[in-house]
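Each reported figure results from applying straightforward, stated rules to the coordinates on display, with no laboratory input. Worth saying up front: this structure is predicted, and the values here are computed from it rather than measured. Here Cβ is always computed from backbone atoms with ideal geometry, including for glycine, and neighbour counts include all displayed protein chains.
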Amino acid sequence: MATGAVSLADRRQVVAGCADALRDLRAVLFQCGSGELAGLAGDLAELRALAGAGLAEVVADAQTRGVIDASQHASTAAWVADVAWHSRREAATMAKTASILTRPDLAAVADSIRQVDVDPGTAVVVAAEYDKITPDLREQAKPAVLEQFLTVAAEHGPAAARQLRKEILARYGAQGEFDEHQERCRRQIDLTAGRESSAGVWDYRLTLDDEGRAVLEAAIGPLSAPKPHPETGDRDTRPVGRRRGEALIQALHRSVAAAAHVPTSSKAVLMLTMGLDDLVGRVGGAIVLGSRAAGTLIAPDTVRRLACDAAVIPVVLGRGGENLDQGREQRLFTPAQVRALWLRDGHCTFPGCTVPAAWADSHHLVHWADGGPTDLTNGALLCPRHHTIAHRDLLAGVVTNNHVVWDLRPGTYRAPPRGRAAPASDQISARAS
């Protein structure tokens, strides 16, 4: 119908009629031919978009008239959630959209909302990105920048608008402003000291700039991909957040292990203290020293696994607290030994596992904590998952004919008497199972 001279009362009557028609639409859909469904879907989408724009106009008018201030609602979003409860999930977006409609500097965005060129959610993103960038823009460039935001958002959505901000700053920003912007971002890099949210569980908050994010994602991206269970082949059911967190820890393990083979500060290591009886008996725990994690207890099997291939200095204490063993020079496999293991084993040596050598740890078949030597006859490549399993389940392995054979029966590993490490080839009679 023509809208120029139609009163508000007439329009509300039509709106009520549309609502009545849509409530029972399913009952008459069979009358719509298959070739007409696309057209009907388009009509309904346009109607929904116009309704959203109309709701934003009403909310903006309520703000301007002081209706919301005079109400008992705490905010515009709360008012929308109450009086337009069908849109309560979008109440915050509607409140922000209404604010856009009243800002003279965002008149172009307001026009796009009214003409339903962009939806309210996209318009809010455009306004937010524009507000972030305007302090760094030349005044004469602002209209062109806003128009570019709207064009990209209308064609490609809000994600493209977010990405566009950096490109616009580089093109339209004042001389040197983009470099300064990146430097400001770099100064915001932050990692909290961590807060124990429950027993043994810690919360950290990490803030990165673009460069840091790129490095982080490059490091954890491949490691956080879903992986079938190594034994059953079942799909990976870990939530995305857990996969990413475990990938970060794995990346840090690799970094620490690599740092162990190059000159480094003595502060760039993890130092643990543990009693000899606890280490041999796999009880108690090792205490972390020298970092923000000082005082944290680390389980014995974890200490044994870390001691295979990480920059960890285990300080073994006697019953009277005397220092019995503060690490050993030969504890870590040298780069040459690691390359030899790569050549010999090719990948993780656990039966059926094909994780590549570059992702694997160098494991002591006779554990370092039990006096095992760091040489090729006592070494085997294990992926982080199977490295943990080998220590957890006390699995025995042996090098036979230049090949690592595992006995997968839990408890088959037997430590030699302290101070007398048997050669790996004599330690067990291994059988793959």
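Numbers at a glance
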| read-out | value |
| --- | --- |
| Square roots of five times the Cα gyration tensor eigenvalues for segment 43-185, Å | 30, 17, 13 |
| Under-5 Å amide H pairs with ASP361, H placed in peptide plane, nonlocal only | LEU382, CYS383 |
| Scattering curve values for segment 335-427, log₁₀ I(q)/I(0), Debye with Cα scatterers, q = 0.10, 0.17, 0.23, 0.24 Å⁻¹ | -0.22, -0.65, -1.21, -1.31 |
| Phi to ³J(HN,Hα) by Karplus 6.51 cos²θ - 1.76 cosθ + 1.60 over segment 107-113, Hz, x for Gly, Pro | 4, 5, 5, 4, 4, 5, 5 |
| Cβ-Cβ FRET estimate between LEU206 and GLN31, R0 fixed at 60 Å, reported to 0.05 | 0.60 |
| Extension reserve of the ALA84-ARG392 stretch, reckoned as 0.36 nm per residue once the Cα distance is removed | 105.1 nm |
| Approximate spin-label separation GLN72-ARG114, in nm, with each point projected 7 Å along Cα-to-Cβ | 3.6 |
| Simple spin-label estimate for GLU57 and LEU343 in nanometres, 7 Å along Cα-Cβ | 7.8 |
| Paramagnetic label zone (point 7 Å from Cα along Cα-to-C-beta, CYS353; backbone N under 15 Å) in segment 369-403 | 379-398 |
| FRET efficiency, SER255 to ARG195 (Cβ-Cβ, R0 30 Å, nearest 0.05) | 0.80 |
| Nearest-0.05 FRET efficiency for ASP234 and THR400, computed from C-beta distance (R0 30 Å) | 0.45 |
| Spin-label pair ARG184/LYS132, simplified geometry with 7 Å Cα→Cβ offset, distance in nm | 1.2 |
| Length released on extending from ARG162 to ALA141, taking residue separation times 0.36 nm less the Cα-Cα span | 5.7 nm |
| Rounded to whole Hz, the Karplus (6.51, -1.76, 1.60) HN-Hα couplings of segment 125-132, x for glycine and proline | 5, 4, 4, 5, 5, 5, 5, 5 |
| Vicinal HN-Hα couplings computed from phi for segment 15-25 (Karplus, 6.51 cos²θ - 1.76 cosθ + 1.60; Hz; Gly/Pro x) | 4, 4, x, 4, 4, 4, 5, 6, 4, 10, 4 |
